[in-house]
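J.: Got a structure for you, questions after.
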Amino acid sequence: MATTHSHAPPYDLEGSTSYTPIPAGPPSEHRRPKKLFAGILFSSFFLLSLVLLIVNYQRPEHEAKVNDVRFSPATPLTEPPSRGVAQGVSEKVFRRVRGGDLAFSWSNVMLSWQRTSYHFQPQKNWMNGPLFHKGWYHLFYQYNQEAAVWGNITWGHAVSKDLIHWFHLPYAMVPDQWYDINGVWTGSATILPDGRIMMLYTGDTYDVVQVQCLAYPANLSDPLLLKWVKDPSNPVLVPPPGIGKKDFRDPTTAWLSPGGDKWRITIGSKVNKTGISLVYETADFVKYELLDGYLHEVPGTGMWECIDFYPVSLSGRNGLDTSFNGPGIKHVMKASLDDDKNDYYALGTYDPIKNKWIPDNPELDVGIGLRYDYGEYYASKTFYDQNKRRRILWGWITETDAESLDILKKWSGLQAVPRTIVFDQRTGSNILQWPIEEVESLRSDGVEFNVELGPGSIVPIEVDSASQLDIVASFKIDEEAFEAADGAYTGYDCPTSGGAANRAVLGPFGIVVLADEKLTELTPIYFYVAKGTNGKVQTHFCADELRSSEATEVEKIVYGSKVPVLDGENLTIRSLVDHSIVESFAQGGRTVITSRVYPTKAINGAARVFLFNNATGASVAASVKIWKMAPADIRPFPSDQLQQ
């Protein structure tokens, strides 16, 4: 990679007419990065269980050939009905934007651009129960055969050799029994020592009661696991006394009990407004005993769903099997909060004798502290990849546009890029999430450069295919300016900050993705450094969608949170840009933000990338690497090779 050293000219942010001022409100072959001289231009304008609702759709090979039909403003569309509430789960229709008449004139080209190229998108709906079996990674996901909306939940099935390129397989399970006729919901797989696979899942009965059911492969010698058998004893668990019939769902992967002769699972629920984790013990996955007390409970957090519970090593870099326990181990407790649709986690200590998990820091307990992701990311699930000895996290990325638009484009939702999870040995207080190494096989045509960003400056970066990128950036604040900062800019909070428009001595600064040339649409991903009068520093990592689209039927807010930064560390961002999704990782994955972005101008060849520094009193040195990303190969498994 060639390296360029540049100095961006300072620019008065308030003087820009286009930005006034940053306002508030088959597998591709791996290619080595080319040694390109980075095209850096200077500007005189200024800057600033897991759900996939997807129908059959293929991106046109040449976008220019798309019949660009426009959907006129105020196209009459009925307000979508409620989805999910009658079944005991929260509203599945995104209602933070209007869902009836369309106020913006959308076109087929705009809607077609939104479909991602290297994120997993099945033909419709929700994901569940990942596992590795006989050389194949298996992904099971909740799937609507009929529409790009929640409902009619069936288990879709896909397989991959590398977690990037996927083959769709026939459905794994359909709602065809009285105990799951209203939906085959979230489940988890447990691989026993003898190789058998036990899949526990939540069924929604004919009279809308949430029960737990058991299924297993009909033929373990089949690498594709095409056929599944529902156990004749189903349902194997029903809501216990004191638990609501609609508040009992999402069994975890099982782990061994202290004696090693039984298995334990935990299931989420609530008592009044207290989120709880019930624990059951079983020898055969058919008969269960409810253990006394709760594994954990947190008042005020409401219904816990999609619970996950797993160990992490305090010293090693490998993942651990779910049954692992002992010295040098912490356990992660994660719950998806049905009330606010976010995934929270905490680190703590598991005592299997007392059937208790105790958080390390009660102020950062489940539901009130740390989150996996501070953007659109929910109903996540990890699994232990025994093939590469790592723990991998899957998560559902929701849509944040009107349901009427999802129906027009014929899909809704997708999977995040799989992430590895390890304990952060440097901070000792959080996990690290990072895209799996296989995603780097999609990189090509890499460029690298260094640039000095003066206060109020922006640097457009000339790259091809700005809709599909892997960006790695490092920033260092000028030391003199940092030391001279007077501590007047404290109390910052990303969601209420007004975004990248609000300037201070030490920020904001970062990257801008999915922007058009005139910056009428743009999405900044940035740091904001707040220094108190006592010299204490807090660093905030934010994603600003306030100017991400000119359309009105999409949500445009600011995401983010604080990120731990240790002495001597530069500030780092990695952003995976894939059309309408941007996954951003700060400080090696200590804080993560997933954004859904729906531009109307910054699409296809009009999409641009920038570096910016909106600080008032500090220069920032930036070092950036950018790669184009090839599309993943996601298609049906060849029908002539399927052995039903």
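J.: Counting only protein chains, not ligands or nucleic acids, how are GLU363, GLU305 ordered by accessible area (probe 1.4 Å), most first? Walk me through the numbers on the way to the answer.
T.: On the way: GLU363 145, GLU305 10 Å².
My answer, sorted largest first, is GLU363, GLU305.
J.: Now for a separate question. Largest first and in whole Å, give the semi-axes of the range 357-477's equivalent ellipsoid, each being the square root of 5 times a Cα gyration tensor eigenvalue. Spell out each step's value before the answer.
T.: On the way: eigenvalues 167, 117, 71 Å².
They are 29, 24, 19 Å, listed largest first.
J.: Order ARG390, ARG635, ARG574 by their accessible area, 1.4 angstrom probe, all chains in place, largest first.
T.: Working: ARG390 25, ARG635 80, ARG574 5 Å².
If we order ARG390, ARG635, ARG574 from most to least accessible, we get ARG635, ARG390, ARG574.
J.: Next question, about the same structure. Using r as the Cβ-Cβ distance of ILE353 and ALA484, and R0 as 56 Å, what FRET efficiency do you calculate, to the nearest 0.05? Please report the intermediate quantities before stating the final value.
T.: Details: r = 56 Å, r/R0 = 0.99.
Step by step, r from the Cβ atoms, then E = 0.50.
J.: Follow-up. Distance cut-off 28 Å, Cα to Cα: go down the list LYS230/LYS410; LYS273/LYS409; LYS410/LYS562; LYS334/LYS476; LYS227/LYS270; LYS601/LYS625 and report the pairs above it. Let's see the in-between values first.
T.: Values: LYS230/LYS410 31 Å; LYS273/LYS409 38 Å; LYS410/LYS562 36 Å; LYS334/LYS476 34 Å; LYS227/LYS270 34 Å; LYS601/LYS625 25 Å.
Over 28 Å Cα-Cα: LYS230/LYS410; LYS273/LYS409; LYS410/LYS562; LYS334/LYS476; LYS227/LYS270.
J.: So, with a 1.4 angstrom probe, what is the percent of accessible area on the range 205-334 that is carbon and sulfur? Mind showing how you got there, number by number?
T.: Values: 2620 of 5010 Å².
Roughly 52 percent, rounded to a whole number.
J.: Which of the three applies to the range 443-563, rounded, prolate or oblate, going by the alpha-carbon gyration tensor with a ≥ b ≥ c and a/c under 1.5 meaning rounded?
T.: Details: a/c = 2.20, a/b = 1.35, b/c = 1.63.
Note, shape of the range 443-563 comes out oblate.
J.: For ASP339 and GLU437 in the same chain, what is the full-extension length gain: residue separation times 0.36 nm, less their Cα-Cα distance, in nm?
T.: Numbers: separation 98, 0.36 × 98 = 35.28 nm, distance 3.38 nm.
Additional length available on full extension: 31.9 nm.
J.: Please get the size of the charge dipole for the range 531-583, origin at its Cα centre, with Cβ charges of +1 on Lys and Arg and -1 on Asp and Glu, quoted in debye to the nearest 20. The partial results should precede the final answer.
T.: Numbers: 6 positive and 9 negative charges, 80 e Å.
Rounded to the nearest 20 debye, it is 380 debye.
J.: Figure the gain on full extension for ASP640 and SER315 (residue separation times 0.36 nm, minus the Cα-Cα span) and round it to one decimal in nm. It would help to have the intermediate numbers written out before the result.
T.: On the way: separation 325, 0.36 × 325 = 117.00 nm, distance 4.76 nm.
Full extension from ASP640 to SER315 adds 112.2 nm.
J.: Taking the alpha-carbon centroid of each part, what is the distance from the range 617-634 to the range 231-300 in angstrom?
T.: The range 617-634 and the range 231-300 have Cα centres spaced 44 Å from each other.
J.: Going Cα to Cα from LYS518, which aspartates and glutamates come in below 18 Å? Please leave out same-chain ones fewer than 8 positions away.
T.: Reachable aspartates and glutamates: ASP12, GLU14, GLU462, ASP464, ASP544, GLU545, GLU550.
J.: Could you sort LYS334, LYS246 by their accessible area in this structure, using a 1.4 Å probe and putting the largest first? Don't skip to the answer; put the middle values down first.
T.: On the way: LYS334 0, LYS246 65 Å².
Accessible-area ranking of LYS334, LYS246, largest first: LYS246, LYS334.
J.: Give, rounded to the nearest 20 debye, the magnitude of the charge dipole that the range 474-584 has about its Cα centre when Lys and Arg contribute +1 at Cβ and Asp and Glu contribute -1 at Cβ. Working shown, then result.
T.: On the way: 9 positive and 18 negative charges, 55 e Å.
I would put it at about 260 debye.
J.: To the nearest 10 Å², what's GLU521's accessible area with a 1.4 Å probe?
T.: We get 0 Å² for GLU521.
The values are calculated or read from the model by the stated rules, or taken from the named source; none is laboratory data. These numbers come from a predicted model, not from an experiment. Positions of Cβ are backbone-derived with ideal geometry, glycine not excepted, and every protein chain shown enters the neighbour counts. Ligands, DNA and RNA are stripped out before the accessible areas are found, and what is left, the full protein with its side chains, is counted by its heavy atoms. Shrake-Rupley method; radii C 1.70, N 1.55, O 1.52, S 1.80 Å.
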